[in-house]
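The values are calculated or read from the model by the stated rules, or taken from the named source; none is laboratory data. Because the structure is predicted, anything quoted here is derived from the model rather than measured. Note: ideal-geometry Cβ built from the backbone for every residue, glycine included; neighbour counts use all protein chains shown. Side chains are part of the model used for accessible areas, which takes the heavy atoms of the whole protein and leaves out ligands, DNA and RNA. Shrake-Rupley method; radii C 1.70, N 1.55, O 1.52, S 1.80 Å.
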Amino acid sequence: MENQKKVNLRVGVLITLILLAAFSRLIPHPLNFSPLGAIALFGAAHFSRKWQAFLIPLAATLISDFFITKFIYAGEYNWLYEGFYWQYICYVAIFALGFVLFSKVTLSRVLFGAVGASILFFVISNFGTWASMSLYPKSIEGLMACYTAAIPFYANTLLGDLVYSGVLFGSFALLQYRFPVLKLSKATV
């Protein structure tokens with residue numbers, strides 16, 4: 001019973017950190033400077049129940065997408081916009097990267113994960129833009145033009161993944177240091 005309380009506390013703290021990061025999207029920020037890649041990595045690293053690691057970050061993303069389209073853009077855009085699923089495919093791929101990468105959380109793995117997340121997002125989301133929209137010709141040249149046009153946005157994606165990974169992983173490490181009850185083995189959670 002005591003162990004279950006520790007698990008519930010840990011899961012509650014993880015969910016709170018993820019929701020705070022997701023809702024930081026409501027604060028004005030540069031284009032593509034987002035917590036979502038870091039959230040996927042963080043969930044994969046710290047939830048041992050695969051359904052939690054997968055669904056909680058995706059739910060936070062969906063909820064924050066809803067708030068952004070409903071309240072920030074006030075109906076200018078649809079909640080599930082054209083090609084939205086490519087963005088979610090990116091997060092699933094980043095989640096898979098995190099699951100492979102984080103048998104143990106280390107600074108080098110967090111850095112590698114953040115860089116890998118931004119690369120995955122760049123490759124998949126821009127492929128999706130090319131494949132599902134009529135902005136570019138459906139040819140290799142069109143695909144390369146799409147990737148070329150997206151290069152200026154990559155720096156903010158990388159910076160967002162690095163900053164938010166640092167904040168999420170660093171905050172939880174500090175919380176674990178301050179409150180050792182949060183240090184449960186992955187097998188326990």
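Take each uninterrupted DSSP H stretch in the chain, measure its Cα extent along the helix axis, and return the ones at 20 Å or beyond whose mean Kyte-Doolittle hydropathy is at least -1.0.
2-23, 50-67, 84-101, 107-132, 140-178
Taking springs between alpha-carbon atoms closer than 10 angstrom, which of Ile39, Ile18, Ile72 fluctuates most in the Gaussian network model of the chain?
So, out of Ile39, Ile18, Ile72, the one fluctuating most is Ile72.
How much of His29 can a 1.4 Å solvent probe reach, expressed as accessible area in Å² and rounded to 10?
Per-residue accessible area (His29): approximately 80 Å².
Answer with one residue from Leu182, Leu120, Thr106: the one whose Cα lies farthest towards the positive end of the charge dipole of the chain, charges on Cβ with Lys, Arg +1 and Asp, Glu -1.
Positive-end residue among those listed: Leu182.
Using a 1.4 Å probe and counting only protein heavy atoms, arrange Trp130, Trp51 so the residue with the most accessible area comes first.
In descending accessible area the options line up as Trp51, Trp130.
If you count only protein heavy atoms and use a 1.4 Å probe, how large is the accessible surface of Val13, to the nearest 10 Å²?
Spelled out: Val13, probe radius 1.4 Å, area about 30 Å².
Run the Debye formula on the Cα coordinates of region 112-189, all scatterers equal and no solvent, and tell me log10 I(q)/I(0) at q = 0.13, 0.20, 0.25 1/Å.
-0.57, -0.86, -1.08
Report the calculated FRET efficiency for Arg178 and Ala74 (r = Cβ-Cβ distance, R0 = 45 Å), to the nearest 0.05.
0.65
Per-residue ellipticity at 222 nm for the chain, helices alone: DSSP H runs ≥ 4 residues times -39500 (n - 2.57), over residue total, nearest 500 deg cm²/dmol?
Values: 6 runs with 134 residues, N = 189.
It comes out at -25000 deg cm²/dmol, rounded to the nearest 500.
Heavy atoms only, probe 1.4 Å: what % of the accessible area of the chain goes to carbon and sulfur, would you let me know?
Carbon and sulfur together cover 71 percent of it.
Among 54-62, 137-145, 112-120, 99-107, how do they line up by average Cβ neighbours within 10 Å per residue, starting with the highest? Can you show the working numbers first?
On the way: 54-62: 19.8, 137-145: 12.0, 112-120: 21.7, 99-107: 14.1.
Put in order of decreasing packing, that is 112-120, 54-62, 99-107, 137-145.
So what is the accessible area of region 10-70 per residue, in Å², with the probe set to 1.4 Å?
Values: 2450 Å² over 61 residues.
Using a 1.4 Å probe on heavy atoms only, each residue of region 10-70 averages 40 Å².
Mind running the shape call on region 49-189? Use the C-alpha gyration tensor, a ≥ b ≥ c as the square roots of the eigenvalues: rounded below 1.5 for a/c, prolate if a/b tops b/c, oblate otherwise.
On the way: a/c = 2.26, a/b = 1.68, b/c = 1.35.
Here region 49-189 falls in the prolate category.
Any idea of the accessible area per residue across region 83-147, 1.4 Å probe, to the nearest Å²?
52 Å²
What is the calculated FRET efficiency for Thr16 to Ile151, with r their C-beta to C-beta distance and R₀ = 35 Å, to the nearest 0.05?
That gives a FRET efficiency of 0.50.
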